[in-house]
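Have a look at the structure below before the remarks.
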Amino acid sequence: MTLDQFFWVLGRVSGLSSFAALSISLVTGVAIRSGLLGPLAANRALKSAHEFTAILWIPLGGLHVVSLLFDQTARVSPLDVVVPFLSGYDAVGRLALGLGTIAFDLFALVAITGWLRGRMERRAWTWIHRLAYLAFAVMFLHAVLGGSDFSSPEVSALTWSTAFALGVLSLARVLWGRLPAR
């Protein structure tokens, strides 16, 4: 395996792992606050999984970005990971990379304010935390448009299943309300 192939594989694996961590974090987060899962909402393990994966994505997402910077095939520049939609890719590739930049920034904002929760006004924290849903949608589009792994039926099925589960739980929360914070 060449060094370039190594960075390409590392970029794919870290991207998928970051997606998995964020998916688990969002699904468990909405499950905790929705009444749909009943007694599971008070489960400490579920809350711990949410909190752990809300942090786990950070090094995985960072590794994804850094590995793509070193991958000569990807041709991602440091500016591309900070300013969306500037890459030299075609329109779809530029959109995919730009969406990845936006998703990373949104998730970083949600993570940072998660750590600052006790120091923020509750209403402001809640609205910023809800940006995770928008960030997930943006990340999902980034993965669909730019992810070469979607040709794999396993990856595609897991990704679409996660999006579906998050959609069902979110809809249940909107329709039936939420549990009080614990």
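The values are calculated or read from the model by the stated rules, or taken from the named source; none is laboratory data. Keep in mind the model is a prediction, meaning the values are calculated, not measured. Cβ atoms come from the backbone with ideal geometry, glycine included; neighbour counts cover every protein chain shown.
Among the residues of the range 121-153, those identified as surrounded by fewer than 15 Cβ atoms within 10 Å (Cβ to Cβ) and either modelled with pLDDT under 90 or over 13 Å from the mean Cα position of the chain (by Cα) (or both) are Glu121, Arg122, Arg123, Ala124, Thr126, Trp127, Arg130, Ser148, Phe150, Ser151, Ser152, Pro153. Applying the set (1) without any contact (Cβ under 8 Å) to a residue 60 or more places away in the chain; (2) under 24 Å from Leu26 (Cα atoms) to Ala54 leaves exactly one unmet item: (1).
Among the residues that make up the range 57-75, is at least one of them among the hydroxyl-bearing types (Ser, Thr, Tyr), out of contact with any helix residue (DSSP H, G or I) (no Cβ under 8 Å at 6 or more places or on another chain), in a loop (DSSP other than H, G, I, E, B) and closer than 24 Å to Ser151 by Cα? Within the range 57-75, none of the residues are among the hydroxyl-bearing types (Ser, Thr, Tyr), out of contact with any helix residue (DSSP H, G or I) (no Cβ under 8 Å at 6 or more places or on another chain), in a loop (DSSP other than H, G, I, E, B) and closer than 24 Å to Ser151 by Cα.
Being of a type in the set (Ser, Thr, Tyr), farther than 15 Å from Ala21 by Cβ and within 12 Å of the chain's Cα centre (by Cα) narrows it down to one residue among Thr113, Thr53, Thr101; which is it?
Within the list Thr113, Thr53, Thr101, the selection yields Thr101.
Quick check: anything in the range 92-106 in a loop (DSSP other than H, G, I, E, B) and either free of Cβ contacts under 8 Å to residues at least 12 places away in the same chain or exposed (fewer than 13 other Cβ atoms within 10 Å of the Cβ) (or both)? So far as the range 92-106 goes, no, none of its residues is in a loop (DSSP other than H, G, I, E, B) and either free of Cβ contacts under 8 Å to residues at least 12 places away in the same chain or exposed (fewer than 13 other Cβ atoms within 10 Å of the Cβ) (or both). The number of residues in the range 1-37 being more than 15 Å from Ala163 (Cα to Cα), at pLDDT 85 or above and among the small types (Gly, Ala, Ser) comes to 4. Of all residues in the range 68-85, those being within 22 Å of the chain's Cα centre (by Cα), among the charged types (D, E, K, R) and within 16 Å of Phe7 (Cα to Cα) number 1.
Here is a yes/no grid of residues against (1) in contact with a Leu (Cβ under 6 Å, 6 or more places away or on another chain); (2) surrounded by 14 or more Cβ atoms within 10 Å (Cβ to Cβ); (3) of a type in the set (A, V, I, L, M):
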{"site": "Thr53", "(1), (2), (3)": "no, yes, no"}
{"site": "Trp57", "(1), (2), (3)": "yes, yes, no"}
{"site": "Phe70", "(1), (2), (3)": "no, yes, no"}
{"site": "Ala111", "(1), (2), (3)": "no, yes, yes"}
{"site": "Trp115", "(1), (2), (3)": "no, no, no"}
{"site": "Arg119", "(1), (2), (3)": "no, no, no"}
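Kindly indicate whether any position in the range 40-49 is in contact (Cβ under 8 Å) with a residue 60 or more places away in the chain and either surrounded by 21 or more Cβ atoms within 10 Å (Cβ to Cβ) or closer than 24 Å to Arg94 by Cβ (or both). Within the range 40-49 (the criterion being in contact (Cβ under 8 Å) with a residue 60 or more places away in the chain and either surrounded by 21 or more Cβ atoms within 10 Å (Cβ to Cβ) or closer than 24 Å to Arg94 by Cβ (or both)), the answer is no, since none of the residues qualifies. Screening Gly167, Gly177 for residues that are on the phi > 0 side of the Ramachandran plot, surrounded by fewer than 15 Cβ atoms within 10 Å (Cβ to Cβ), of a type in the set (Gly, Ala, Ser) and at pLDDT below 90 leaves exactly one candidate, Gly177. So, in the range 82-91, exactly how many residues are modelled with pLDDT of 90 or more and surrounded by 14 or more Cβ atoms within 10 Å (Cβ to Cβ)? The number of residues fulfilling the criteria is 2.
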